[in-house]
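Notes follow the structure.
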Amino acid sequence: MMISHALPALPPDPLLEQAGDALELALEADERWWGGAAEDGLAMPFGVRPFARDLGSPVGHGSGDAAPSNQSSPVLLSNRGRVIWSERPFAFAFEDGLLRLSGRDISVSRAGGSLREAFLSASRRFFPPSGRTPARELFSGPQYNTWIEHPYTPTQEAVLRFVRDLLDAGMPPGVVFIDDLWAYDYGTWRFDRSRFPDPAAMIRQLHEWGCSVMLWVVPFVSPDSAAFRELEGRGLLIRDRAGDTAIRRWWNGLSALLDLTAPAAVKWMTDQLDTLREETGVDGFKFDAGDVRDYRADDRTAGRAEPVDLCEAWARVGLRYPFNEFRACWRMGGRPLGQRLQDKPPLWGPAGIGSLVPEMLAQGLIGHPFVCPDMIGGGEIEAMTEQGATDQEFFVRYAQIAALSPMMQFSVLPFRVLDDVHLAAVNEALAVRASLLPLILDLVDDAATTGEPVVRPMAYHASGLDEVTDQFFLGPDLIVAPVTAKGATERSVAVPAGRWRGDGGTVVEGPARVTVACDLARIPRFERLAGT
């Protein structure tokens with residue numbers, strides 16, 4: 001199953017309907033909206049229930065209650081072809097049939113009459129595709145992250161054993177992420193030689209095994225370190241409103257923050273990373289943190305910046321490195337950046353597995369097609385540590401979603417926590433991915449030139465399915481309906497107009513709702529038959 005790389009037909013020239021700093025729109029009949037913040041995916045589409053969000057200020061901003069963020073962008077898209085955009089963050093609220101907007105220079109335009117036309121118009125005008133993708137290896141094989149197996153404790157020996165065990169168990173080579181605490185300190189981006197005595201030799205070995213290697217980094221600097229003293233002396237750290245070097249609490253303690261509005265600070269950071277690549281052979285970096293919550297509106301920086309701008313500045317650093325991953329990002333749609341969902345707990349329901357598909361759909365519609373649904377089985381370290389025995393069914397169903405996402409990332413060793421039946425189901429998910437990898441890679445390439453999401457809402461290609469958010473289009477011609485309910489042996493699938501062949505061979509004439517069996521190893525899916 002291949003797709004054309006021809007650009008989709010241009011939507012009609014957009015018609016400006018309103019512009020200003022405070023706007024009020026009447027919702028049209030059955031009008032639904034998407035966009036804003038990826039973490040609001042479960043609330044999308046907007047327009048039926050009351051919902052409000054301030055894109056410039058996360059809930060609890062400036063306090064210890066603010067949660068880490070995901071991707072967000074100042075764009076809203078309607079299934080009636082309407083597009084809302086601003087260059088700056090804005091607040092919006094849906095209530096009583098109205099959409100209220102407040103911010104700066106907000107525009108409301110119309111481009112056609114569908115969600116797809118709205119997206120294509122917004123993409124081409126406001127976040128055009130770059131023509132590039134992140135490194136191919138991030139899609140062509142699994143990713144393996146040391147985080148859950150070795151949290152805060154990676155060593156050279158442990159990393160090599162982690163990867164060797166995966167390969168010996170029959171897992172394919174992939175991209176290895178060495179997570180937190182491989183370095184001496186935050187901001188001192190050199191391997192801790194007491195734990196990594198010969199990092200270049202380790203990376204050569206991983207390369208010989210067919211694996212690329214990425215290292216975890218953050219825009220923080222540990223106080224009282226040599227790096228801190230250098231950067232503070234050069235004026236390259238953010239200062240608070242009193243003019244003192246800002247020290248902020250984050251999940252690993254207290255740190256200073258690089259002022260990435262200063263070109264010299266960006267150069268200092270990239271010099272550290274480039275030296276690592278030259279001296280050790282590492283391929284790229286996992287750019288963690290950079291959350292909007294970590295910055296304040298009255299911070300003093302070299303260049304004029306609001307908190308969202310500092311989040312965006314961190315993402316811009318990653319453009320230099322094809323092997324990259326981000327979890328927090330402001331704007332930057334259309335750029336060749338890998339975007340991961342927020343760390344997920346190992347939970348059934350909307351707090352866990354039920355959020356994966358809706359949030360990936362939201363990521364795509366704000367301009368990020370190169371997405372990853374976090375670590376298989378969950379990546380939220382406290383919840384993963386406290387769960388005790390692994391819920392094997394949950395692990396399998398999570399792996400099935402990841403298998404048909406642009407990227408899939410393991411951290412828990414499957415063969416350590418699964419019995420033979422559940423391990424076989426994960427291997428079957430890997431086999432399904434392998435069979436569809438040409439399509440996935442084709443869609444990744446297509447996204448680089450058209451901007452279109454790889455994982456698409458049902459409403460993107462089919463009218464009347466706006467509220468169907470637990471299944472998705474993988475490209476225009478394949479429907480994926482993963483299982484997210486504990487103990488499920490069947491599930492309902494919405495099939496649009498046309499003729500569709502299920503993965504079991506059954507042909508369905510749509511539009512229809514069909515119930516399909518979903519034993520442990522099955523990922524329900526339907527392929528559009530030619531000519532329909």
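The values are calculated or read from the model by the stated rules, or taken from the named source; none is laboratory data. None of the values given here were measured: they were computed from a predicted structure. Methodologically, a virtual Cβ is constructed for each residue, glycine included, from the backbone with ideal geometry; neighbour enumeration extends over all protein chains shown. These area figures cover heavy atoms from the full protein model, side chains too; ligands, DNA and RNA do not enter into them. Shrake-Rupley method; radii C 1.70, N 1.55, O 1.52, S 1.80 Å.
The apolar share of the surface of the range 455-499, taken as the fraction of accessible area on carbon and sulfur atoms (1.4 Å probe, ligands and nucleic acids excluded), comes to 48 percent. Approximating the spin labels as points 7 Å out from Cα along Cα→Cβ, the Asp519-to-Leu160 distance works out to 4.3 nm. In the chain, the calculated helix contribution to ellipticity at 222 nm averages -8000 deg cm²/dmol per residue, counting -39,500 (n - 2.57) for every DSSP H run with n ≥ 4. Among the GluC sites (Glu not before Pro) in the range 425-520, those placed in a DSSP loop whose Cβ has at most 13 other Cβ atoms within 10 Å are Glu467.
Listed by chain and number, the aspartates and glutamates whose alpha-carbon sits under 13 Å from that of Lys486, ignoring those within fewer than 8 places in the same chain, are Asp391, Glu393, Asp519.
Annotation: amide H-H contacts under 5 Å for Asp259 (H modelled 1.01 Å from N, sequence separation of 5 or more, or interchain): Leu237, Ile238. Note on Leu319: accessible area is roughly 40 Å² with a 1.4 Å probe, heavy atoms of protein only.
In terms of its C-alpha gyration tensor, the range 420-532 has an oblate overall shape, because the principal axis ratio a/c (a ≥ b ≥ c, square roots of the eigenvalues) is not below 1.5 and a/b does not outweigh b/c. Along the chain, the longest continuous region that contains none of the trypsin sites (Lys or Arg not before Pro) in a DSSP loop with at most 14 other C-beta atoms within 10 Å is 321-485. Loop-located chymotrypsin sites (Phe, Trp or Tyr not before Pro) in the range 193-267 (DSSP state not H, G, I, E or B) with no more than 16 neighbouring Cβ atoms inside 10 Å: Trp209, Trp251. Of the complete DSSP H runs in the chain, those spanning 24 angstrom or more by Cα along the long axis with a mean Kyte-Doolittle score not below 0.5 are 420-450. Shown for the range 66-119: the carbon plus sulfur share of the solvent-accessible area, taken with all protein chains present and a 1.4 angstrom probe, equals 46%. Seen through its C-alpha gyration tensor, with square-root eigenvalues sorted a ≥ b ≥ c, the chain comes out oblate because a/c lies at 1.5 or above while a/b is not bigger than b/c. Which shape class applies to the range 304-453: rounded if a/c is under 1.5, otherwise prolate when a/b exceeds b/c and oblate if not, where a ≥ b ≥ c are the square roots of the Cα gyration tensor eigenvalues? Note, shape of the range 304-453 comes out oblate. Here the range 101-254 carries DSSP beta bridges of which approximately 40% are antiparallel, counting only pairs with both residues inside. Per residue, the range 275-316 exposes 37 Å² of accessible surface when a 1.4 Å probe is rolled over the protein heavy atoms with every protein chain present.
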